[in-house]
Amino acid sequence: MDAEQMFDADVAIVGYGPSGVSAANFLGAYGIKTIVLERDMGVYQRARAVTVNDWTLRCYQSVGLDRELLKDMEPTQVMRWSTYKGRELARLKLGLSQIGQPTANMIYQPKMEQTLRAGVERYSDKVEVRFGAEVVGLEQDRDAVRIASKDIASGEMTVARVKYALACDGGSSFVRRTLGVPLIGSTLDTTWVVIDARVKGWWPNRHMLTFWTDRFRPVVDIPLALGNHRWEFPLNPDESEKDFETEEQLWTLLAELGIGSDQIEIHQSAFYKHHVRRAEYWRVGRVCLLGDAAHLMPPWAGQGMQSGIRDAFNISWKLREVLNGRLPETLLDTYEVERAPNVEMLTQSSLALGRLIKREMGRGEMIRTFITTTLSRLGLGVSPERFRPPSIARGWLSGAVGEKSAVGRMIPQPIVWSSRGQRGPLDGWLGDCMTMIGVGENPENLLSPEEKDAWKALGLSFLTLKSPTDRTGPEAALIDVDGTLLRWMRGYRTDAIILRPDRFVVASRPTGLGVPPCLDML
Ligand SMILES: Cc1cc2nc3c(=O)[nH]c(=O)nc-3n(C[C@H](O)[C@H](O)[C@H](O)COP(=O)(O)OP(=O)(O)OC[C@H]3O[C@@H](n4cnc5c(N)ncnc54)[C@H](O)[C@@H]3O)c2cc1C
């Protein structure tokens, strides 16, 4: 038996929640042999996450799932902050962002997870999902990770030997504890009661995501998708879980908002305390931590689950490059370097939004918080001028990063035409490898022979982008009819960019088009 045959799979994913099922989709699409080990038999039925943004949908677009997922989502048209007396403090209208996806969408988490699981079934020749398999042991050496799991029904133990493992096993991650990675941070004092309901009858502005901002009883009022609705109420210091255990007690909270049994049927409720915690480091040898296993944030910015999905997208293409030997294993170190600052920023935004809805700040600070968190830091593309695509300050990037550089930024996604008249979102032409985009001419000519060889070894493909009035340049080009990407590139004074599979610019002219090193970069 040769060494390759001694592996049960290239990658094991522990946990099949949103982070795990996303990683399974991305790895499956790359053709990577993967085993998923999940303790439960079915999708976790308690809806937790409520919203999905454009960036997350763009990740799923790369595996052809965005349209399917959107069928069960409802675009958030309006977010508002209001007092109980109906004085509106702020209102935000949302639409299609420059990322080329609806900016914010209400979801129903169990349905979304079902769709994602169906997505994985497309790769059943590569991805094996073992339900009812609880991971109870993990060891690794220089060459492999061995994961022991127990079949919950039969008690039978199995050991899978894999090259890499992704711990997607949630906030109390067994893998994180087994690896001895400390979980640092704190848990907030306040207990929140979360009420989920099925909608029976309309009430005024039911469709608006409303933050009832109040010092004593702020409420998050969320129109979930598929006829569901959610309220999140904090318990005051003199209250306990005992005060809100029965439906009758929950109705008293809802009555304060004018909601009664004519409008809804209470479906379930739960108590939560929110965590502000992160694993001290996210990679130990051949094992990486993702999602809640790596970081926990309060829900006010709606970014916890989405951060796990973006973790999965970031690590999956890197694992592919390492597994197929095109880049060294040190590439995996860029996973935490790139993802942790974004998670930290969103955690801080979430905390600030929490203070905002509790009115723990004056008007000036409130307005500043609103602008810095909601408009720009969360990347809500409310208007082209305000568009702040996600960006990476350090990581697998070439050349200068900064205000004036395109490097490290996600590019917008306009609708483009091919010269043969096919029309569609840009990403449809980008594929899942590296792509070089040049303005007006074939960008291949801009690379030195060494650069070309190095990039071609990474599967680089070339695209020419033209304006609709441009008669010059190669025939096989994409036409940016409304000029969104051309304008964006002009803004960073570049006429050629190289994109990673996650649509971030890795290199650009004039800052340098070389393949970034993986060693000595941290
Ligand atoms: C009230 C509330 C509201 C929220 N709102 C939002 C929101 O609007 N937007 C957002 O993005 N996020 C939100 N979140 C956060 C979001 O729900 C979580 O971040 C997300 O579910 C984490 O996904 P995960 O896959 O990393 O972990 P989990 O969903 O916890 O999944 C972990 C999986 O691992 C399995 N598992 C665990 N241990 C083992 C083991 N030993 N062996 C095998 N399997 C195992 C579990 O069964 C589970 O299926 C909210 C959270 C709460 C509590």
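Just so you know, all these numbers are worked out from the coordinates, no wet-lab data involved. Here the structure is a predicted model, which is why all the values come from computation and not from measurement. Heads up, the Cβs are rebuilt from the backbone with ideal geometry, glycines too, and the neighbour counts pull from every protein chain shown.
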| remark: Here the stretch 12-162 gives, from Cα atoms, an Rg and Dmax in Å of 19.2, 63
| task | Under 12 Å Cα to Cα from Lys456, which aspartates and glutamates show up? Leave out anything in the same chain fewer than 8 places away. | result | Glu444
| request: Any chance you could tell me what percent of the C-alpha pair distances in the stretch 391-508 go past 16 Å? | output: 58
| remark: Here D for the stretch 126-171, in µm²/s, from Stokes-Einstein with a Kirkwood Rh over Cα pairs at 25 °C and 0.890 mPa s, works out to 213
| Local electrostatic count, Pro299, Cβ distance below 15 Å [Lys/Arg +1, Asp/Glu -1] | +3
| field | For the chain, with +1 on Lys and Arg beta carbons and -1 on Asp and Glu, the positive-most of Leu27, Gln98, Pro237 along the dipole | value | Gln98
| query | What's the FRET efficiency of Ser261 with Ile415 using the Cβ-Cβ distance as r and R₀ = 51 Å, to the nearest 0.05? | reply | 0.65
| field | Kirkwood hydrodynamic radius of the stretch 149-203, from inverse mean 1/r over distinct Cα pairs, in Å | value | 16.3
| remark: Here, trypsin sites (Lys or Arg not before Pro) of the stretch 438-516 satisfying both criteria (DSSP loop; at most 15 other Cβ within 10 Å) are Arg471, Arg493
| request: Mind jotting down the three principal axis lengths of the chain based on Cα atoms? Whole angstrom, largest first. | output: 73, 61, 39
| task | At 7 Å along the Cα-to-beta-carbon direction for both Met6 and Asn236, put a label point, then send me their distance in nm to one decimal. | result | 6.6
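Which of Arg142, Arg509 has the fewest other C-beta atoms within 10 Å, and how do the rest follow up to the most? Each step should come with its number before you reach the end.
Numbers: Arg142 6, Arg509 20.
Final ranking by Cβ density, sparse to dense: Arg142, Arg509.
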| request: Determine the equivalent ellipsoid of the stretch 196-276 by diagonalising the alpha-carbon gyration tensor, then write out the semi-axes as square roots of 5 times the eigenvalues, largest first, rounded to whole Å. | output: 20, 15, 13
| said: I need the P(r) histogram for the stretch 415-460: all alpha carbon pairs, bin width 5 Å from 0 out to the longest distance, whole percents. | reply: 5, 18, 23, 24, 16, 10, 4
| remark: Straight-line reach check, Lys242, cutoff 27 Å on alpha carbons, 8 or more apart in-chain or any other chain, hits among lysines -> Lys273, Lys358
| query | Could you give the dipole magnitude of the stretch 113-214 about its Cα centre, charging the beta-carbon of Lys and Arg +1 and that of Asp and Glu -1, in debye to the nearest 20? | reply | 220
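Rounded to the nearest 20 debye, what is the charge dipole size of the stretch 391-508 about its Cα centre when +1 sits on each Lys and Arg Cβ and -1 on each Asp and Glu Cβ?
Values: 14 positive and 14 negative charges, 60 e Å.
I would put it at about 280 debye.
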| field | Within the chain: Cβ-based charge dipole about Cα centre, in debye rounded to nearest 20 (Lys, Arg +1; Asp, Glu -1) | value | 1440
| request: Take the Cα atoms of the stretch 58-147, build their convex hull, and give its volume per residue in Å³. | output: 222
| query | So if we plug the beta-carbon distance of Ala90 and Tyr44 into 1/(1 + (r/R0)^6) with R0 = 45 Å, what FRET efficiency do we get, rounded to 0.05? | reply | 0.85
| request: Place +1 on the Cβ of every Lys and Arg and -1 on the Cβ of every Asp and Glu in the stretch 416-522, take the dipole about the Cα centre, and give the residue among Thr484, Leu446, Cys518 whose Cα lies farthest towards its positive end. | output: Thr484
| request: Quickly estimate the mean residue ellipticity at 222 nm for the chain, helices only: each DSSP H run with n ≥ 4 gives -39500 (n - 2.57), and the total goes over all residues, rounded to 500. | output: -7000 deg cm²/dmol
| query | Sorting Leu296, Leu351 on the 10 Å Cβ count, fewest up front, what's the list? | reply | Leu351, Leu296
| For the stretch 147-263, what is the convex hull volume of its Cα atoms per residue in Å³? | 214
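What ranking do Cys59, Cys168 get, fewest neighbouring Cβ atoms within 10 angstrom at the top?
With the fewest neighbours first, Cys59, Cys168 line up as Cys59, Cys168.
Within 10 Å of each candidate Cβ there may be at most 15 other Cβ atoms; applying that plus a DSSP loop requirement, which trypsin sites (Lys or Arg not before Pro) in the stretch 12-76 survive?
Answer by residue number: Arg46, Lys71.
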